[in-house]
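Taking it in order: structure first as structure tokens, then the write-up.
The values are calculated or read from the model by the stated rules, or taken from the named source; none is laboratory data. What you see is a predicted model, and the numbers here were worked out from it, not measured in a lab. Here Cβ is always computed from backbone atoms with ideal geometry, including for glycine, and neighbour counts include all displayed protein chains. The area values use the complete protein model at the heavy-atom level, side chains included, leaving out ligands, DNA and RNA. Shrake-Rupley method; radii C 1.70, N 1.55, O 1.52, S 1.80 Å.
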Amino acid sequence: MAALLLPLHDPIDLAEQMAVLDLTSKGRVSYVCGVGYRPEEYAMFGRDMRERGRRMETCLQALQRAWSGEPFEFEGRPVRVTPRPLTDGGPTMLMGGGSRVAVRRAARFGMGVLTQGGEASLESVYQAECEKLGITPGAFIHPPTDTVTCAFVAEDPNVAWQEIGPYVMHDARMYASWMGHRPGGANLTTAGTVAELRAQGYPYKIFTPEEAVRHIRTTGIFLAQPLCGGLPPEIAWKSLELLRSRVLPAVS
């Protein structure tokens with residue numbers, strides 16, 4: 001899940017849902033936690049955006065206590081969350097963000113980091129904070145700006161771009177409008193048309209099965225967002241089926 005905007009949720013309700021999903025998935029679901037940046041979302045959930053940092057830390061503390069299975073009190077409520085998750089200490093969680101505040105918070109809570117841009121020194125800040133706290137650093141993922149963050153597989157990319165292009169273009173435009181003048185991240189583009197988006201080659205790309213195999217062997221990852229931009233499931237399934245039947249067996 002990327003990203004889980006933790007301050008917008010009741011952490012006790014979330015802790016139970018995440019524990020159940022951890023059990024049913026046998027620990028295969030992980031999370032990138034973010035504070036969010038859209039005032040509209042905070043208004044919709046009745047949360048004070050000015051308190052999002054403090055709320056994030058309150059929620060993280062509550063999740064960690066909840067997954068112990070022991071009773072405690074949260075905001076005046078008696079709490080005991082069951083079942084306990086399969087993963088010791090709870091599901092894998094990374095901190096999302098591109099600021100020094102975010103990476104230092106990740107260190108304090110024993111989390112790894114996934115950035116979406118930000119200064120190049122963030123990893124050093126994270127490592128120094130972990131060392132100061134005496135904890136082992138987690139993963140630190142700082143994608144370059146040309147990372148393919150939304151990949152699809154198609155037998156004929158020309159045909160697929162005709163189907164998928166308008167949806168990923170909508171996705172790109174919406175993210176650009178939300179981000180405003182913030183520094184560029186790995187999922188942002190200045191492309192103004194589907195043709196420009198395709199020619200750029202990132203962050204949206206449609207691979208043939210053979211190209212997808214080479215991409216995974218080169219980068220080690222394949223980032224799929226099957227329903228990106230409101231893509232209809234019947235179109236998304238075509239890509240997922242090719243990923244399952246032609247790509248994954250070749251790299252397993």
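The residue pairs whose first member lies in segment 191-203 and is more than 16 Å from Ala151 (Cα to Cα), whose second member is of a type outside the set (Ser, Thr, Tyr) and buried (at least 18 other Cβ atoms within 10 Å of the Cβ), and whose beta carbons are closer than 8 Å, counting only pairs six or more residues apart or on different chains, are Ala191/Met169; Ala191/Ala172; Ala191/Leu197; Thr193/Met169. Out of Gly230, Gly220, one residue alone is farther than 22 Å from Gly98 by Cα, modelled with pLDDT under 95 and either touching a Lys or Arg at 6+ places or on another chain (Cβ under 7 Å) or open to solvent by 40 Å² or more (accessible area, probe 1.4 Å) (or both). It is Gly220. The requirement of being modelled with pLDDT under 95, over 18 Å from Val251 (Cβ atoms), open to solvent by less than 70 Å² (accessible area, probe 1.4 Å) and touching a Pro at 6+ places or on another chain (Cβ under 6 Å) is satisfied by Ala186. Close contacts from segment 162-178, counting a first residue that is open to solvent by less than 60 Å² (accessible area, probe 1.4 Å) and assigned to a helix (DSSP H, G or I) and a second that is modelled with pLDDT under 90 and of a type in the set (Ser, Thr, Tyr), with Cβ to Cβ under 8 Å and a gap of 6+ residues or different chains, come to Ala172/Thr189; Ala176/Thr189; Ala176/Thr190. All conditions but one from (1) at pLDDT below 95; (2) touching a helix residue (DSSP H, G or I) at 6+ places or on another chain (Cβ under 6 Å); (3) not small (Gly, Ala, Ser) apply to Val103; the one that does not is (1). Selection over segment 108-140 of residues that are of a type in the set (Asp, Glu) and not in a helix (DSSP H, G or I) gives a count of 1. Taken over segment 62-87, the residue count meeting the criterion of being free of Cβ contacts under 8 Å to residues at least 40 places away in the same chain and either open to solvent by 80 Å² or more (accessible area, probe 1.4 Å) or under 21 Å from the mean Cα position of the chain (by Cα) (or both) is 7. Screening Leu4, Leu86, Leu14, Leu23 for residues that are modelled with pLDDT of 95 or more, under 30 Å from Ser121 (Cα atoms) and not small (Gly, Ala, Ser) leaves exactly one candidate, Leu4. Say we look at segment 118-153 and pick out the residues that are in contact (Cβ under 8 Å) with a residue 60 or more places away in the chain and open to solvent by less than 10 Å² (accessible area, probe 1.4 Å); which of these is nearest to the chain's Cα centre (by Cα)? Going through the qualifying residues, I end up with Cys150.
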